[in-house]
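The values are calculated or read from the model by the stated rules, or taken from the named source; none is laboratory data. Model, not experiment: these values are computed from the prediction. No Cβ is skipped: glycine too gets one built from the backbone with ideal geometry, and neighbour counts run over all protein chains shown.
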Amino acid sequence: MNIKLYHAGLIVTAVLALGAVLLAVNFSTQLNTTRNQLTISENNLRDKQTELTSAQNDLSATQLELKNTADNLTLTQGQLTSTRDTLSSTQNDLKSTQNQVTGLQSSITGLQSDLTTVRAQVDELQTNLNRLTSSYSYVASDPTFASMQTFLAADTTDSKPYVNGSYVCWNFASDVIADAAKQHIRCGFVYVEFPTSAHAVVAFDTTDKGIVYIEPQSDEVVQLKVGVRYYQSIIPKPGYHYAQPSYDDTVKVFDVIW
């Protein structure tokens, strides 16, 4: 046997064995490193999964909040639409009311002008009445209630037609007063004022029943009282009644001119 070859073979074998051992050690180290990295990766994966689950939960909560917000927005839009409709209706009502107010103001202006005219006519009638009564050489006397009724029954003023603008309430009153003066009966002119208009009736200071107010257009007794509607103050003839007029005929004040 060649000793040198033998020793060389041992050396080679030893080197190979050492290489194998080193390789095994290196492989084991790498394997442990890989296992550690794998463990870290698994832990990281679990952390990522936990984060993902939390993110999914947050996303679900956010989606629920968005849905609630969308529902609230839909409800608010519905309420806004309803409010707009109500506002539009209110604006239309306000415009209609303003038009009515404008019309009423115009009517009031016209009625005030008419009232001024009526007052002027009353003053003129008073002047004419004074002239009329002064033309008689006697002093008229107050009648009894019965003689007043007799006079009214014979007087024909109530049969005359009412003609708007030419023969109205104060014309009826003036004619009754003139006819009474011819019969030596004292009769007074009564000016009745309503909120936006006026009226004229007559009065007799009867010796047995005191002052009696008469509607000269119908010869009916009128129980005049401030604050009471005029149509409710008339004592109607049997079988007849007065309906409520379209205007306010509440008695504000009345004056008797004898």
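Determine, yes or no, whether Gly188 is touching a residue at least 60 places away in the same chain (Cβ under 8 Å), assigned by TED's automatic domain parsing to the domain that holds Lys160 and closer than 22 Å to Asp142 by Cα. Spelling it out, Gly188 is indeed touching a residue at least 60 places away in the same chain (Cβ under 8 Å), assigned by TED's automatic domain parsing to the domain that holds Lys160 and closer than 22 Å to Asp142 by Cα.
I'd like to know if the range 201-221 contains one or more residues that are surrounded by 13 or more Cβ atoms within 10 Å (Cβ to Cβ), closer than 21 Å to His241 by Cα, of a type in the set (Ser, Thr, Tyr) and assigned by TED's automatic domain parsing to the domain that holds Asp248. Within the range 201-221 (the criterion being surrounded by 13 or more Cβ atoms within 10 Å (Cβ to Cβ), closer than 21 Å to His241 by Cα, of a type in the set (Ser, Thr, Tyr) and assigned by TED's automatic domain parsing to the domain that holds Asp248), the answer is yes, since at least one residue qualifies. Restricting attention to the range 160-185, the residues being farther than 20 Å from Asp142 by Cβ and either surrounded by fewer than 18 Cβ atoms within 10 Å (Cβ to Cβ) or under 41 Å from the mean Cα position of the chain (by Cα) (or both) number 11. You will find that of Asp205, Asp248, Asp179, Asp255, the residue that is of a type outside the set (S, T, N, Q), in a helix (DSSP H, G or I) and in contact with a Phe, Trp or Tyr (Cβ under 9 Å, 6 or more places away or on another chain) is Asp179 and no other.
Exactly one residue out of Asn68, Asn92, Asn99, Asn72 is closer than 30 Å to Ala198 by Cα and either outside the structural domain of Glu193 (by TED's automatic domain parsing) or free of Cβ contacts under 8 Å to residues at least 12 places away in the same chain (or both), and it is Asn99.
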